[in-house]
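See below for the structure under consideration.
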Amino acid sequence: MAKIEFRNVNKSFGQVRVIENLNLTIEDGKFTVLVGPSGCGKTTLLRMIAGIGPQTSGQVLIDGVDVTDVPPGKRGVAMVFQNYAIYPTMSVRENIEFGLKNMKVPKPERDKLIKEICDIVGLTEYLDRKPGTLSGGQRQRVALARAMVKKPKVFLMDEPLSNLDAKLRAAMRVELIELHERLKTTFVYVTHDQVEAMSMADTIVLMNEGVIQQEGTPEEIYSDPNNIFTAQFIGTPPMNVLELGRGGVKFGFRPERAQISRESSGRYYERLGRISTREMLGSETIYKVVTSDGPVMVKGYDSSFQTGDEVYVSVDKQGLYLFDSEGFRIRAGAPDYGALMELLGRTAV
């Protein structure tokens, strides 16, 4: 068991409060990703779990035990840092067994653990090499192996893939997903990259300015955003958000839910516009179309349209979202939802 709970947690640096009255439960055995822009508080939460940056007030519990006064080495957690933090003068084997030596683990057991873990992460043939001779992905595996040999209840990962190139980053994402499936251990992963969050997480916790904006599965976060921040942070390109023209209410739709055509389609929302930019991305093409409501992005599989073409942009009713003047979602069933949707659907092309 390794359920983690934050109860009424506050964190201040001097006079600056970065986390205020935060409550969060990270479920046992889940791959939970804390995501958000730089400075949103996600790494601060990770450091609280690790015990290297304790909260100012409130409680952090692991398996129901308040660990506020428990030193980092006694919490049953292992952390993988952005810069790997491996020792360049030690071999791969020495790096991996360093913590085990400090824990007074007997050599036969150390050797057994190192062999077991290196077989899992593919480092067996590199045990006698120095980190300087390894690729970025191999060094990342060394950092993972060093954490894994401790058999922690919780793996904490602070942007561990950010120093890798795009191709290797994608490959390592797959490896981490497979590793989690094999170990069935609680993973808490910090990133500012929404693609990493969407592709890896069982549960996403989206943060901004120390406040949890939304918590849920990748599907929930993407399909059912609570507010404009969530709607525009998750998804590439971000959701189009435009003024409805009534009391600060806004409406939005995702670029991939929109369609462009040379003829009117009769869909619920439709506007005439002109293509101002075109990005060909292989199987998909992203168009920026200037309409009477404002510029919008459309992503689709038809690459036949060109810059300057006059086109219709249309969206089904199910693909439209409403947000109030504070940026919060107006959902079906709200008193004014029907009238607002009717206004959106009947507005002239």
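The single condition among (1) within 25 Å of PHE233 (Cα to Cα); (2) part of a helix (DSSP H, G or I) that LEU164 does not satisfy is (2).
Yes or no, residue by residue, for (1) among the aromatic types (Phe, Trp, Tyr); (2) farther than 24 Å from MET172 by Cα; (3) surrounded by fewer than 21 Cβ atoms within 10 Å (Cβ to Cβ):
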position: TYR189; (1), (2), (3): yes, no, no
position: ALA197; (1), (2), (3): no, no, no
position: ASP202; (1), (2), (3): no, no, yes
position: LEU206; (1), (2), (3): no, no, no
position: PRO218; (1), (2), (3): no, no, yes
position: ASP224; (1), (2), (3): no, yes, yes
position: ILE228; (1), (2), (3): no, yes, no
position: GLN232; (1), (2), (3): no, yes, yes
position: LEU242; (1), (2), (3): no, yes, yes
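Going by the structure shown, is THR25 surrounded by 14 or more Cβ atoms within 10 Å (Cβ to Cβ), without any contact (Cβ under 8 Å) to a residue 40 or more places away in the chain and under 22 Å from ALA201 (Cβ atoms)?
Working: surrounded by 14 or more Cβ atoms within 10 Å (Cβ to Cβ): yes; without any contact (Cβ under 8 Å) to a residue 40 or more places away in the chain: yes; under 22 Å from ALA201 (Cβ atoms): yes.
Yes; evaluated as a whole, the condition is true for this residue.
For region 319-334, filtered to residues that are at pLDDT 95 or above and not hydrophobic (A, V, I, L, M, F, W, C), the residue that is surrounded by the most Cβ atoms within 10 Å (Cβ to Cβ) is TYR321. With a requirement of 2 or more residues that are of a type in the set (Asp, Glu), the helices (runs of 4 or more DSSP H) lying completely within region 184-293 that satisfy it span 218-223.
Based on what the data block shows, is TYR126 among the hydroxyl-bearing types (Ser, Thr, Tyr), at pLDDT 90 or above and either crowded, with 17+ Cβ neighbours inside 10 Å or not assigned by TED's automatic domain parsing to the domain that holds PHE187 (or both)? Step through it out loud before you land on a result.
Values: among the hydroxyl-bearing types (Ser, Thr, Tyr): yes; at pLDDT 90 or above: yes; either crowded, with 17+ Cβ neighbours inside 10 Å or not assigned by TED's automatic domain parsing to the domain that holds PHE187 (or both): yes.
Judged against the criteria, TYR126 is a match.
Each residue in region 69-111 was checked for being outside any loop (DSSP other than H, G, I, E, B) and among the aliphatic types (A, V, I, L, M), and 7 pass. Selection of region 288-343 for residues being of a type in the set (S, T, N, Q) and more than 15 Å from PHE251 (Cα to Cα) yields SER303, SER304, GLN306, THR307. Condition check for ALA78 on (1) surrounded by fewer than 19 Cβ atoms within 10 Å (Cβ to Cβ); (2) under 23 Å from VAL205 (Cα atoms); (3) of a type in the set (A, V, I, L, M, F, W, C): one failure, at (1). In region 107-120, the residues that are closer than 14 Å to VAL92 by Cα and in the same structural domain as LEU179 (by TED's automatic domain parsing) form Cβ pairs under 9 Å with partners that are modelled with pLDDT of 90 or more and exposed (fewer than 13 other Cβ atoms within 10 Å of the Cβ), at six or more places apart or across chains, as follows: CYS118/GLU125.
The values are calculated or read from the model by the stated rules, or taken from the named source; none is laboratory data. Computed from a predicted model, the values in this text were never measured in an experiment. Every residue, glycine among them, receives a Cβ derived from its backbone with ideal geometry; neighbour counts consider all protein chains shown.
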